[in-house]
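The values are calculated or read from the model by the stated rules, or taken from the named source; none is laboratory data. Note that the structure is predicted; figures quoted are calculated from it, not measured. No Cβ is skipped: glycine too gets one built from the backbone with ideal geometry, and neighbour counts run over all protein chains shown.
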Amino acid sequence: MRSRRHVSSLILLASICACSSSNDASPTGAGRPETASMVEQLPAGADCPRGGARVSSGIDANGNGVLDPTEVTQTANVCNGADGTASLLVTEKEPAGTNCVSGGTKISAGRDDGKNGGIANDGVLQPGEVDKVSYVCNGADSTALATLVKVTAVASGAACASGGQRIDTGVDDGANGGIAANGVLEDGEIDSTSYVCNGEAGTAGAPGATSLVNVFVEPAGTHCAAGGSLLKTGLDDGAGGGTANNGLLETGEVKSSSYVCNGVDGADAFPNLVRMVNEPAGAHCTTGGQVIQSGLDDGKPSGTANDGVLSAGEVDSSAYVCNGTNGTNGTNGTNGYNTLVTTSTEPTGANCTTGGVRVQTGLDDGSPTGTARDGILQAGEVDSVAFVCNGATGATGATGAAGSNGTNGFNSLVKTTVEAAGGNCATGGTRIDTGLDDGAPSGTARNGILEDGEIDSTRYACNGATGPVGPAGATGATGSTGAAGAAGFNSLVKTTAEPAGANCATGGTMVESGLDDGSPSGTARNGVLEAGEIDSTRYVCNGAQGPSAGGIGTLKDSAGTVLGTVTNATSTTLQVKSSTGYFYNILWTGLFAQSQLYYTNANCSGTTWLNAGTTDKRYWNQKFVVYEGANGNLDVVSNPDANGNATNVSLSAGAIWNASTGCSAGAQTNGGFLLQTSTRTTLGIPATITPPLSIN
């Protein structure tokens, strides 16, 4: 991105010229036209493929202080270059010494640009390429006393004629009446004092000639490989046969010429990956710690390039951040604090233009906020933040061939039976069997009946225990005896498999219902729904096989686990289609996106509804997953129709859940979709998701 720095320099020069011309015009009063300049930002286009700046200059003939379009005599474009070299990070063990009293880790960072004798774009951060070095130090032994520094302002006087700063240093040892180890450098603890004085003001110089600049387009060639601008600068002093103070930079007045070159395209870089794992106590760390492995996602010498996972064969360097050893026991000493390191995904933004990894380090000391020695680097304990940024995205590869259509899946079936009181349900209840109509390991596939060999899961919905007998109520007055009513008839339902045909194009289930009344034909009260007793017939049809979806790409976590196919993505959220056909929203951090929910109970428990925002009729499909932030459940809508859609209902709730505020108790009325809890296995969502996430 060198061209961007050049644009800044050019703008500064143009600004200096405009200011100098304006300042000279006031005292002369001769009415001489002034030189003016203007800088405009250029969007990406024919003039500058990656955008840049257009610099225009000329004589402000009408004296309005603005370079009007008709006054422009020279124009030059300064274009942004393509993305440059990749950023690299190397960590290594730092022995005890000047940089870290108790040892620690040295972190070197820089661009793979080959400067100072290095090799550009070789994936190795060489000594000459290092731009910045920082240290993550182990905690010091508990018996050491801190060296303190105090800086105070000094007024003009004997110590500093024009004022300055007084710098006091000393050990926090409580000498000469001070208090030891209180973090304050008291007067009795001062061992050394020095002064940093302000310089005295110099005498005013004589007025100088105006600085001028001319800008010319420089074609691609010897001076600028990718083209650019030629800048000629000098004083309007009439040197070399020119005319002084005429507002024009003439040939004899030119003092220097320089080139502002467009940046050349940089080679595509591989992302720089960092992985941190626990290091047991041993040769590398006597008390255990962390090993930080880093390398390019280049598949060398082994591994898969650009898969977002740092494979063992891609590791270029390893460094160890060891837990600090306990200090020797002393009367006033305390144990040292461990140094902690955390990494997290850094989204595209000001810190990393193409995203990357945020590395945070600090002592587990609870300072200024947090809990000390809990093994967690909390926000208040972070002492240093560094960013390991991804290189620019390479060109998009060719679209792969479309996959073949998958085979038709099997319908899920549910069978409920009465469960007698016993080991499964102390007071009886309902047995719920579920499974696929696949005939495995035994049974007949696709017959619409859940047979014993097809049962995959059995659950029990048990009756609650009988409560204690309440106190006897007062005896009421005896009412008159009413006439005996006729016995009612039971309602019966019968389901049978419906083959593909006129009623269901892809097959399904025929549902027949009626009263066990023997009307107009059949035997009443025999518990069997006979043909003559059928009052209603409905069909629940299977959905047609949809086309295979391509999606944006496959979503994986840092462990390589496939989360599904990305169907939509933003800078914060991804919509994913799982392996079982369910859609869910997940953040780049690996957390599920939360929805606004209603609950029957004030503590956000009990029956759950998804907020529909209205009581007017709305729909929600059963294939779209809802995450409960209150308890971590994954839900789908209850009671969907044959097309998989559920409608909203009017509700009265005792609490509402928001992602930002959590649970808020209070009576609520609105429209919502009734939810039921599902499982990650059914939804096709992995049990564990480890960030950072990546799209392949």
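Identify all residues within the range 654-684 that are hydroxyl-bearing (S, T, Y) and out of contact with any Ser or Thr (no Cβ under 6 Å at 6 or more places or on another chain); write none if there are none.
S660, T661, S664, T677, S678, T679, T681, T682
Of everything in the range 261-276 that is under 30 Å from E314 (Cα atoms) and at pLDDT below 80, the residue that is surrounded by the most Cβ atoms within 10 Å (Cβ to Cβ) is A269.
Would it be correct to say that G303 is in a loop (DSSP other than H, G, I, E, B), at pLDDT below 90 and farther than 29 Å from R50 by Cα? Taking the combined requirement at face value, the residue does not satisfy it. The residue of the range 91-125 that is farthest from C389 (Cα to Cα), among those that are of a type in the set (S, T, N, Q) and in contact (Cβ under 8 Å) with a residue 12 or more places away in the chain, is S102. Scan the range 632-682 for residues that are in contact with a helix residue (DSSP H, G or I) (Cβ under 9 Å, 6 or more places away or on another chain) and of a type in the set (K, R) and the total you get is 0.
Considering the range 56-111, and only residues there that are within 30 Å of T361 (Cβ to Cβ) and of a type in the set (A, V, I, L, M), the residue that is modelled with the highest pLDDT turns out to be A96. Of all residue pairs spaced 6 or more apart or on separate chains, those with beta-carbon atoms under 6 Å, a first member in the range 452-466 that is over 14 Å from V414 (Cα atoms) and a second member that is surrounded by 10 or more Cβ atoms within 10 Å (Cβ to Cβ) are C462/C425; C462/G429; N463/T427; N463/G428; N463/G429; A465/T427. Kindly provide the set of residues from the range 95-127 that are at positive phi, polar (S, T, N, Q) and assigned to a loop (DSSP other than H, G, I, E, B), ordered by number. Passing the criteria: only N121.
Among the residues of the range 629-643, not a single one is touching a Lys or Arg at 6+ places or on another chain (Cβ under 6 Å) and hydrophobic (A, V, I, L, M, F, W, C). Can you tell me which residue is farthest from the chain's Cα centre (by Cα) among those in the range 91-111 that are crowded, with 20+ Cβ neighbours inside 10 Å and β-branched (V, I, T)? In this case the residue turns out to be T105. Only one of the numbered conditions (1) at pLDDT below 90; (2) part of a loop (DSSP other than H, G, I, E, B); (3) surrounded by 12 or more Cβ atoms within 10 Å (Cβ to Cβ) is violated by P547, and that is (3). Taken over the range 430-460, the criterion of being touching a Phe, Trp or Tyr at 6+ places or on another chain (Cβ under 9 Å) and among the hydroxyl-bearing types (S, T, Y) is satisfied by T430 alone.
Residues of the range 568-599 that are closer than 25 Å to N639 by Cβ, among the aliphatic types (A, V, I, L, M) and in a strand (DSSP E or B): L597 alone.
Kindly provide the set of residues from the range 121-147 that are at pLDDT 80 or above and small (G, A, S), ordered by number.
We begin by selecting, within the range 121-147, every residue at pLDDT 80 or above; these are 121-133.
Correct list: G123, G128.
For (1) under 21 Å from T416 (Cα atoms); (2) surrounded by 11 or more Cβ atoms within 10 Å (Cβ to Cβ); (3) basic (K, R), each residue gets a yes or a no:
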position: G488; (1), (2), (3): no, no, no
position: T496; (1), (2), (3): yes, yes, no
position: P499; (1), (2), (3): no, yes, no
position: C504; (1), (2), (3): no, yes, no
position: A531; (1), (2), (3): no, no, no
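Go through the range 565-604 and give me each residue that's surrounded by 15 or more Cβ atoms within 10 Å (Cβ to Cβ), among the hydroxyl-bearing types (S, T, Y) and either within 30 Å of Q668 (Cβ to Cβ) or within 16 Å of the chain's Cα centre (by Cα) (or both). Of everything in the range 565-604, those that are surrounded by 15 or more Cβ atoms within 10 Å (Cβ to Cβ), among the hydroxyl-bearing types (S, T, Y) and either within 30 Å of Q668 (Cβ to Cβ) or within 16 Å of the chain's Cα centre (by Cα) (or both) turn out to be Y582, Y584, S595, Y598, Y599, T600. The condition (being surrounded by 16 or more Cβ atoms within 10 Å (Cβ to Cβ), within 25 Å of R459 (Cβ to Cβ), touching a Pro at 6+ places or on another chain (Cβ under 7 Å) and not aromatic (F, W, Y)) is satisfied by just one residue among A646, A630: A646. For the range 148-167: of the residues being of a type outside the set (G, A, S) and surrounded by 14 or more Cβ atoms within 10 Å (Cβ to Cβ), which is modelled with the lowest pLDDT? So, considering only residues that are of a type outside the set (G, A, S) and surrounded by 14 or more Cβ atoms within 10 Å (Cβ to Cβ), the one modelled with the lowest pLDDT is L148.
Listed by position, the strands (runs of 3 or more DSSP E) contained in the range 156-263 that have at least 2 residues being over 30 Å from R54 (Cα atoms) are 164-171, 192-197.
Would you mind stating whether S664 is surrounded by 15 or more Cβ atoms within 10 Å (Cβ to Cβ) and not acidic (D, E)? Against the criterion (surrounded by 15 or more Cβ atoms within 10 Å (Cβ to Cβ) and not acidic (D, E)), S664 does not qualify.
Report, by residue number, each residue of the range 247-260 that is crowded, with 17+ Cβ neighbours inside 10 Å and on the phi < 0 side of the Ramachandran plot. Hits for the range 247-260 are L249, E250, E253, V254, V260.
Could you say whether any residue in the range 300-307 is without any contact (Cβ under 8 Å) to a residue 12 or more places away in the chain and surrounded by 15 or more Cβ atoms within 10 Å (Cβ to Cβ)? Quick ask: steps written out before the conclusion?
Quick first cut of the range 300-307, residues without any contact (Cβ under 8 Å) to a residue 12 or more places away in the chain only: 303-304.
Now narrow it down to the ones that are surrounded by 15 or more Cβ atoms within 10 Å (Cβ to Cβ): 303-304.
Yes, because at least one residue in the range 300-307 is without any contact (Cβ under 8 Å) to a residue 12 or more places away in the chain and surrounded by 15 or more Cβ atoms within 10 Å (Cβ to Cβ).
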